[in-house]
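Everything below concerns the one structure shown next.
The values are calculated or read from the model by the stated rules, or taken from the named source; none is laboratory data. The structure presented is a predicted model; accordingly, all values stated were derived computationally and were not measured. Cβ atoms come from the backbone with ideal geometry, glycine included; neighbour counts cover every protein chain shown.
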Amino acid sequence: MQFVSVGTSGGNSGQGGDVRGCFYSGTDENPIYVDYIAPSKNIPKKWPIVMLHGAFHTGAAYLTTPDGRQGWAPDFAARGYPVYVVDWPGHGRSPANAGFANLTTFEIASSVSVLVDQIGPAIILAHSAGGPVAWWLAENLPDKVAAVVGIAPGPPANIQTLLPDDPVIIDALKFDQSKGCPVYSRVGETVYVDLNFIQSFWANGPRFPKGAVKEYAKSIVGESAKVLNERFNIGTGGLKLSAPEVVAGRPILIVTGDRDLRHPKEVDGAVANYLHAETLWLPDVGIIGNGHMLMIEDNSDEIAALIAAWLSKKGL
């Protein structure tokens with residue numbers, strides 16, 4: 001791979017997007033590593049897609065699956081989309097600064113905004129705790145975000161209950177789906193999870209490639225306590241929107257499976273209602289058994305095809 005500067009993209013114009021390999025973007029304080037996957041030369045070039053992972057993860061979740069199948073990044077590139085896969089600051093190959101344990105969702109969003117500003121208009125495909133980042137980008141870079149695809153996305157803090165900064169109270173809510181099954185994190189520390197947590201919340205559905213759980217666990221990294229508490233709106237709260245109507249002014253799709261403990265239909269439906277988004281509740285199209293990690297579960301290709309069909313319907 002080579003490290004190069006980012007060119008601009010012209011969306012459907014087919015101009016730009018000539019970057020190859022990988023490069024760094026982001027802010028000086030929080031650089032981000034980006035994998036670029038060129039679109040297929042055999043079909044017309046489409047809008048760029050920026051893929052954002054969730055907490056404890058890296059962009060590797062979009063490159064391949066733990067059981068060795070093709071990931072969503074090469075899948076969408078083969079469909080004609082220039083794909084940019086981001087490692088959040090301090091995750092994967094993105095450097096961590098001395099304040100990583102206090103990294104905030106706003107800092108992640110600000111860093112990713114540099115990339116989106118360079119390559120947009122672009123589609124933002126965001127998973128889990130990447131959801132609040134995507135909503136912020138759509139509000140603050142309205143001309144650079146063409147659409148948002150939320151994969152079991154975290155909601156904007158505007159519609160979450162503000163939870164107290166109290167570990168005892170939060171522990172009692174850890175299986176309360178209406179509150180997002182919150183987990184308390186001690187601010188100022190980097191947080192790690194064990195195999196039991198991974199199997200309870202991420203690898204719990206029958207669609208997860210069970211023989212690859214331990215391989216998947218090797219990809220999990222430490223996370224900022226602030227990011228986690230903000231995701232659950234604990235203490236000082238998470239990332240809010242000032243003008244949700246700006247976010248709603250573009251195509252939005254929210255995709256959720258039936259075995260995701262933190263994303264029951266009514267919870268992600270509330271996000272969709274707030275942002276005037278469309279929903280793809282997988283059981284509604286006859287797909288059952290999916291948990292939180294839709295991009296690496298055994299029917300990931302099928303789900304990618306549904307997302308691609310929606311993008312095509314929207315002219316993206």
### Message
Given (1) among the aliphatic types (A, V, I, L, M); (2) assigned to a helix (DSSP H, G or I); (3) in contact with a helix residue (DSSP H, G or I) (Cβ under 6 Å, 6 or more places away or on another chain), identify the lone condition not met by residue 114.
### Response
(3)
### Query
Identify, please: which residue in the range 166-180 is in a helix (DSSP H, G or I) and modelled with pLDDT of 90 or more and is, among those, nearest to residue 154 (Cα to Cα)?
170
### Task
Could you figure out which of (1) touching a Pro at 6+ places or on another chain (Cβ under 7 Å); (2) over 25 Å from residue 265 (Cβ atoms); (3) surrounded by fewer than 22 Cβ atoms within 10 Å (Cβ to Cβ) isn't true of residue 118?
(1)
### Task
Determine the pairs where a residue that is touching a residue at least 40 places away in the same chain (Cβ under 8 Å) and more than 15 Å from residue 249 (Cβ to Cβ), located within the range 266-281, has a partner that is polar (S, T, N, Q) and not in a helix (DSSP H, G or I) with Cβ atoms under 8 Å apart, the partner being 6 or more residues away or on another chain.
268/256; 268/279
### Task
Answer yes or no: is there a residue in the range 285-301 that is without any contact (Cβ under 8 Å) to a residue 24 or more places away in the chain, over 19 Å from the mean Cα position of the chain (by Cα) and more than 19 Å from residue 122 (Cα to Cα).
yes
### Output for the range 302-314, where each listed residue is in contact (Cβ under 8 Å) with a residue 40 or more places away in the chain and either under 19 Å from residue 247 (Cα atoms) or not β-branched (Val, Ile, Thr) (or both)
304, 306, 308, 310, 311, 314
### Summary
residue 93: passes all of (1) at pLDDT below 95; (2) basic (Lys, Arg); (3) within 30 Å of residue 214 (Cβ to Cβ) but (1)
### Task
Might you let me know whether the range 148-171 holds any residue that is surrounded by fewer than 19 Cβ atoms within 10 Å (Cβ to Cβ) and under 21 Å from residue 66 (Cα atoms)?
no
### Task
Within the range 54-64, identify whether any single residue is surrounded by fewer than 21 Cβ atoms within 10 Å (Cβ to Cβ), within 18 Å of the chain's Cα centre (by Cα) and either assigned to a strand (DSSP E or B) or at pLDDT below 95 (or both), and answer yes or no.
yes
### Task
Working only within the range 121-141, note down all residues that are farther than 18 Å from residue 238 by Cβ, surrounded by 24 or more Cβ atoms within 10 Å (Cβ to Cβ) and not β-branched (Val, Ile, Thr).
122, 125
### Task
Please work out if residue 284 is acidic (Asp, Glu) and in a loop (DSSP other than H, G, I, E, B).
no
### Query
Which of the residues that make up the range 235-252 are buried (at least 22 other Cβ atoms within 10 Å of the Cβ) and in contact with a Leu (Cβ under 6 Å, 6 or more places away or on another chain)?
247, 252
#### Entry: Residue among 213, 271 that is of a type in the set (A, V, I, L, M), crowded, with 20+ Cβ neighbours inside 10 Å and outside any loop (DSSP other than H, G, I, E, B)
271
### Message
So if I check each of 238, 249, 205, 188, which one is of a type in the set (Gly, Ala, Ser), part of a loop (DSSP other than H, G, I, E, B) and within 17 Å of the chain's Cα centre (by Cα)?
### Response
238
